[in-house]
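Reading through the C-alpha cells given below for one structure.
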Amino acid sequence: MANLFSLALTFGLVFSSLSSMTAASLQLTNDCNYVFFQAPYSVDVCWERQDSTGKESSVKFICNTEKNITFQKWEKASCSGSPSEEKSLNDFANDNNIPTSSLKWKCDGTKSAEECGAYRREYNFSSSAKSCKDWNGFFELTYVLNTCVGYNSSGTNESIALTCANDNITLFFFDNYDCTPSPLSYNESHGSVCGGTSGDYYKTDVRCSISAASPVSVSIALLFAIISLVFS
C-alpha cells in the first residue's frame, strides 16, 4: 500500500492574553463547508502531492448530493478527469485510523471554498539536501477559516475556530461547543518557514488564500501535532 500523503499539521504554540477577544471580534461567519477531524479542512478543493521521484497525485473531499462527504483520489495532479478512487468519509477514516466518532462536516454553507480557505504546503527533503532549494517533493492541504466547529473531547464539549492574517494561521480554542463568549487564554499560530542544516532541512509555505498565486513565506513556530494519513 503506497503512502501517498503524510499530512503533518504543525502548529506553533503561542501564549497570549485573550481577555478582550470574543467570538464577535473573531468575525466568525459559519457560512463555509468543511470536513473536520482534529481541524476543519476545506471541501471541493484539490490538494496536490509530488513524491521524491516526481510522481504527481491529488485528492479532494467533496460534498455529495446527499450532503455527505466523499473522498476522491487521482494518480495525477489537478484532480482532473475521473478519480481513480472514491470512498465515503467513514471508509476514509477507517482506512487511516481516524475515529469515526470524531468526524464532522458541513455541506450547506453559502460561501465558496475560495472565500473560506487558507493554504499550506509542506516540502520534503532528502538527507543530501544542502539548502532550502533542494526539496524533492511536497504535499498540500487547506483549512477552513472563520468557522466555529464544536466537538466532544473525552466527554468534554470544546470548539475551535481558525483565522488567518498576514499569511499566518491562528487557532482559537473554547471550552464549550459554540465558540462563546471568549477563547481560552492561549492560541496556536503557524506560518511559513524555510531553514535547517545540511541533511536536515525543512520548508513550509502558508498563505491566507487558496487561489493559484504562489505561496508566500513568513514564519513558523514549534511542533504541536502530527496527523499521518495514508492515501493508498
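The HN-Hα couplings worked out from phi for segment 139-145 by the Karplus form 6.51 cos²θ - 1.76 cosθ + 1.60 (θ = phi - 60°) are 9, 10, 7, 9, 9, 9, 9 Hz, whole numbers, x standing for Gly and Pro.
As a rough guide to protection, the peptides 130-139, 169-178 ranked by mean Cβ packing within 10 Å, highest first, stand as 169-178, 130-139. GLU48: net charge of surrounding residues, Cβ under 14 Å, Lys/Arg +1, Asp/Glu -1, itself excluded? Result for the local shell: +1. Residues whose amide H lies under 5 Å from that of ASN33, counting only those 5 or more places away or on a different chain, are GLY109, LYS111; hydrogens are built 1.01 Å from N in the peptide plane.
As a quick test, which of the pairs LYS73/LYS111; LYS73/LYS106; LYS55/LYS130; LYS87/LYS130; LYS87/LYS133; LYS104/LYS133 have an alpha carbon distance above 32 angstrom in this structure? Intermediate results must be reported in sequence, preceding the final value.
Details: LYS73/LYS111 24 Å; LYS73/LYS106 20 Å; LYS55/LYS130 22 Å; LYS87/LYS130 40 Å; LYS87/LYS133 36 Å; LYS104/LYS133 38 Å.
Violating the 32 Å Cα-Cα cut-off are LYS87/LYS130; LYS87/LYS133; LYS104/LYS133.
Positive end of the dipole of segment 12-207 (Cβ unit charges, origin at the Cα centre): among THR29, THR142, PHE125, the Cα lying farthest that way belongs to PHE125.
Roughly speaking, what is the stretch gain from ASP108 to LYS55, that is 0.36 nm per residue apart minus the C-alpha to C-alpha distance, in nm to one decimal? Write out the running numbers ahead of the final one.
Numbers: separation 53, 0.36 × 53 = 19.08 nm, distance 3.50 nm.
Fully extending the segment from ASP108 to LYS55 adds 15.6 nm.
For the pair SER154 and LYS130, label points projected 7 Å from Cα toward Cβ lie 4.8 nm apart. For LYS76, the aspartates and glutamates whose Cα falls under 20 Å of its own Cα, not counting residues fewer than eight places away in the same chain, are ASP44, GLU48, ASP51, GLU56, GLU85, GLU86, GLU122, GLU140.
Put a dot 7 Å past the Cα of TYR186, heading toward its Cβ, do the same for LYS67, and the two dots end up 3.7 nm apart. Close amide-amide hydrogen proximity is noted between VAL45 and PHE61, each under 5 Å apart and 5 or more residues distant or on a separate chain (H modeled in the peptide plane; Pro and chain starts excluded).
Give, as a single signed number, the net charge of other residues whose beta carbon lies under 12 Å from the beta carbon of ILE160, with Lys and Arg counted +1 and Asp and Glu -1.
Details: positive: LYS104; negative: GLU158, ASP175, ASP178, GLU188.
Net charge in that neighbourhood comes out at -3.
Applying the Karplus relation 6.51 cos²θ - 1.76 cosθ + 1.60 with θ = phi - 60° to segment 166-180 yields 3J(HN,Hα) values of 6, 6, 9, 8, 10, 9, 10, 10, 10, 9, 8, 8, 10, 6, 9 Hz, where x marks Gly and Pro. Which of the listed residues, SER57, PHE173, TYR41, is farthest toward the dipole's positive end in segment 12-207, when Lys, Arg count +1 and Asp, Glu count -1 at the beta-carbon? Positive-most Cα among the choices belongs to SER57.
Where a number appears in this text, it was derived from the coordinates with a stated rule and is not lab data. Since we're looking at a predicted model, the values are computed, not measured. Please note: Cβ atoms are built from the backbone with ideal geometry, for glycine as well, and neighbour counts cover all protein chains shown.
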